[in-house]
Amino acid sequence: MAFAALRSTLRRPAATPGAYVAVSGAPPVAFGSAADQYAPVFADPVAGGDTDGQAFNCPSCGRTLTRGARRCEDCGQRLILDVPMHRAAILSGGGALGGILVTVLLVNLFAPPAAPTAPVADPSTTGQGTGLAPVALDIPSGAMAAIRGTTAINGRLAAEAAPLAKALGGKSFNTSEVIKVLRRMAIDTRAGAGMLKAMAVWPEAAGQQAALQAFYEDLAGRIDSGLGASVNSTSAYKRAAKNIIATLKDVPGLDADARGLAAMGGLELPAVTIPAALR
């Protein structure tokens with residue numbers, strides 16, 4: 001009988017990570033890591049505990065994503081090895097495309113020059129002036145991506161004004177919720193500031209670049225000031241929330257300027273909703 005009990009004990013499976021062990025008179029205890037327990041809380045990979053090396057920005061909208069993600073949560077862009085699916089398809093077919101390009105190049109090289117085309121008249125004109133239809137400016141691709149990306153990021157930053165205003169207007173100030181908001185904003189602010197260098201190649205965007213740089217620096221300073229306070233300092237987080245909302249009131253003007261630049265190049269920007277707290 002003693003040998004049978006010993007053999008039954010040895011065959012019993014060991015507790016695996018994440019398993020629950022029941023103790024008499026106590027609730028089940030999980031043997032998982034602390035990060036597993038709080039993983040669903042963080043929508044952003046860096047705020048959830050990842051590092052900058054484990055995250056990257058979506059090529060389409062600038063959303064911060066975990067490396068290896070198959071789809072962007074904001075714009076729906078499908079990704080393969082952190083590269084947009086359509087770009088990966090282009091790279092995979094590069095060999096066949098190279099042969100086609102060589103053929104087209106040879107045809108164009110030996111083809112006779114094309115006759116100059118006449119300017120297109122604008123049917124809405126009354127006969128005065130040149131009557132030429134407006135032509136969209138050729139915006140460099142880097143500046144185009146930066147304008148689109150910062151617009152999307154500014155929309156997300158503006159949306160954070162709503163939970164901050166709700167926390168300030170509540171009967172009891174929830175410091176932990178405000179901290180989560182500030183951490184999300186810190187990531188987006190850093191991502192937006194990182195896109196500004198690409199605007200330098202387009203002279204027309206110099207004013208917008210300078211305005212965005214000042215906005216991100218001011219906002220980052222206020223966020224850092226709030227996160228640097230003790231979690232028990234309710235007054236410090238209230239003050240930080242009020243200052244951040246005041247800074248976010250620059251978003252409507254920045255968004256209007258970005259759309260003015262986009263119209264010059266026929267670029268369509270993502271929609272941005274301005275919450276009531278910023279009106």
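The values are calculated or read from the model by the stated rules, or taken from the named source; none is laboratory data. The shown structure was predicted, so the numbers you read here are calculated from the model rather than taken from an experiment. Cβ coordinates were reconstructed from backbone atoms using ideal geometry, including for glycine residues, and neighbour counts include every protein chain displayed.
Structure summary
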{"item": "Top-ranked residue in segment 220-276 [being among the hydrophobic types (A, V, I, L, M, F, W, C), in contact (Cβ under 8 Å) with a residue 24 or more places away in the chain and more than 30 Å from residue 143 (Cα to Cα); ranked as surrounded by the fewest Cβ atoms within 10 Å (Cβ to Cβ)]", "result": "276"}
{"item": "Matching residues, segment 137-180, being under 23 Å from residue 62 (Cβ atoms) and small (Gly, Ala, Ser)", "result": "141, 142, 143, 145, 146, 149, 152, 155, 158, 159, 161, 162"}
{"item": "Check on residue 198, assigned to a helix (DSSP H, G or I) and under 17 Å from the mean Cα position of the chain (by Cα)", "result": "yes"}
{"item": "Residue that is surrounded by the fewest Cβ atoms within 10 Å (Cβ to Cβ) [pool: residues in segment 167-201 that are at pLDDT 95 or above and among the basic types (Lys, Arg)]", "result": "197"}
